[in-house]
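In what follows, a structure is listed as structure tokens, so that the remarks can point back to it.
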Amino acid sequence: MTAVKEAGRRPLGHFAERSLVGLLAVAGAGVAFGVLLMLVRFRWSPLQHADHEAAEWFNSLVAPHKPLVAVLQAITDLGGRPVLIWLITIAVVGLLIRRQSRLAVYLIVTGVGGLILDPSLKALVGRLRPVVDVPIASAPGNSFPSGHALGSFVAYGALLLVFLPAMAPRWRKPAIAVAAVLVLLVGLTRIALGVHFVSDVLGGWLLGAAWLGVTAYAFRLWRRERGRPVPPLSEGLEPEAGREISPAPAEEKVLEHPRSAVAELLVGWVIVFGVLYAFGMYVSYHAKGTFFDTLDTEVPRWFAARHTDALTDLSWWWSKFGDTHAILLVSLVFCPIVLAVWRRWRPVLFVVLAMFGELSLFLASARVVERPRPPVENLDGQMPTSSFPSGHIAATICLWAAMAIIVFPRTDRWWRWLFVAMAVIMPVGVATSRMYRGMHHPTDFMGAILLGALWLSLLWWVIRPNADVAQGNQPAIGSEQVDELDDELAKAGRPD
């Protein structure tokens, strides 16, 4: 005990000796950023000239190539606030579920610091964005430093430091390389798209390195002060947490027979597609005079005759619940939480295959059936796909039904019924809005139901998403313990 106390009284000197190189690197990044900030702030002419020359060169190189611009836009989005905030938030929630509140606090502090530094320094410097001959992108606010460069460096660096212990040693260097390349590409896209000067991106990287280094140093110092070993950063912030933060530490393999599962899914996909094709061709071109024909004629007219401004606005919002962005957002929130709670990849695979299969079946069916939209006013205008089946409705059915299938058998709490209710309410709401807006026939809705029911049944039979529950798998946190997460976070934020 005496030795531990004595070590605790002199952590700073001992830690500083072992971290001298790291401290010098952090200090160097901070000094370099300060020098660059002053040069930009006082408009040093050689730097300004070089920045404008680079901006014009990149613009002439990129502007004529629209596919290249699209690729650059996709890469630059990986450094935008929506993506980074989602990553940090999901990681924090997952860490709290796994009872790793210290690491959650680290991510919160590091991420919030980056969010504060970006706009405050932009306002301080007040530098305008580049003006190029052929504008291909736009961004609000001032230019220095680059928020994408700063945010991506801080967010991906912090996530890497937190989750390195969950990786096998042989994968750590490749993970560091991938993160570095991603940060580099995000910064380069900001220059290539003409929304930042080279010095803006360099400033963002330098500031990001300095801030990430300060927070990592503070975390390691905190460990040293409490008598805990301080590992090299190449092992992450808390190597002892590796098993707890590993996505599925007890899962040896996702599927017992992956090859046969792939074959079964491929055969099943073809059968489902054949059923959709047969039903779509029948209701689209061979059902004249039948009940289906009457339904597809009268229902769109009935909705069209009852258009009002209020209902049109409401239908627009309901339709958005079924579009690609909303479906993707819900999936990207649900899947990581399921992985954090139940520590199994199979339920996540079930949801991913549900959405991928729905999309491929919808696109293939729409392409071969080529059904025209209802002969009423189409409030969404010309669409790139045909009417049968409804992609919005099919995606909503597959997503919410898959979520209900995963959650319902895994808990006995009352809120599991909310997932069952949403699996009904969301598709019905989206279907009503799509038919109100004149974008789909009732039989398009039936086709979406057929697609969802057949594809999810096939996945249930092949994937067995809840097999781990039958084998006794328990969640990482009980549903009755959810209220304790705030207490854990508050406790981690207080000194011992």
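Taken together, the values in this text are just the output of simple stated rules run on the coordinates, not laboratory data. Owing to the predicted nature of the structure, the values given are computational and were not obtained by experimental measurement. Every residue, glycine as well, gets a Cβ built from its backbone with ideal geometry; the counts of neighbours run over all protein chains shown.
Helix 45-62 axis versus longest C-alpha principal axis of the chain: approximately 30°, rounded to the nearest ten. Give the shape of the chain as rounded, prolate or oblate, defined through the alpha-carbon gyration tensor: a ≥ b ≥ c are the square roots of its eigenvalues, a/c under 1.5 means rounded, and otherwise the shape is prolate if a/b is larger than b/c and oblate if not. It is oblate, given that a/c is not under 1.5 and a/b is not larger than b/c. Helix-derived [θ] at 222 nm for the chain: sum -39500 (n - 2.57) over DSSP H runs of at least 4, divide by residue count, nearest 500? Taken over the chain, the calculation gives -24000 deg cm²/dmol.
Each peptide among 205-212, 319-326, 85-92, 144-151 gets the average number of other Cβ atoms lying within 10 Å of its residues, and from highest to lowest they stand as 144-151, 205-212, 85-92, 319-326.
The stretch between D77 and A218, if pulled fully straight at 0.36 nm per residue, gains 47.8 nm over its current Cα-Cα span. Taking a ≥ b ≥ c as the square roots of the Cα gyration tensor eigenvalues, with a/c under 1.5 meaning rounded and otherwise prolate when a/b beats b/c, else oblate, which class fits the range 286-387? Note, shape of the range 286-387 comes out prolate. Charge tally around N378: other residues with Cβ under 14 Å, Lys/Arg +1 each, Asp/Glu -1 each, net +2. Count charges around T396 for me, please; just the other residues with Cβ under 14 Å from its Cβ, Lys/Arg as +1, Asp/Glu as -1. Once positives and negatives cancel, what remains is -1. Nearest 10 degrees, 0 to 90: what angle lies between the long axis of helix 324-342 and the longest principal axis of the chain (Cα atoms)? Value to nearest ten degrees: 60. Estimated from the Cβ-Cβ distance and a Förster radius of 51 angstrom, the FRET efficiency linking A27 and K320 is about 0.55. The label point for I116 and the one for E240, both projected 7 Å from the Cα toward the Cβ, are 3.0 nm apart.
Quick one: helix 147-163 against the long Cα principal axis of the chain, what's the angle to the nearest 10°, folded into 0 to 90? Tilt of helix 147-163: around 90 degrees.
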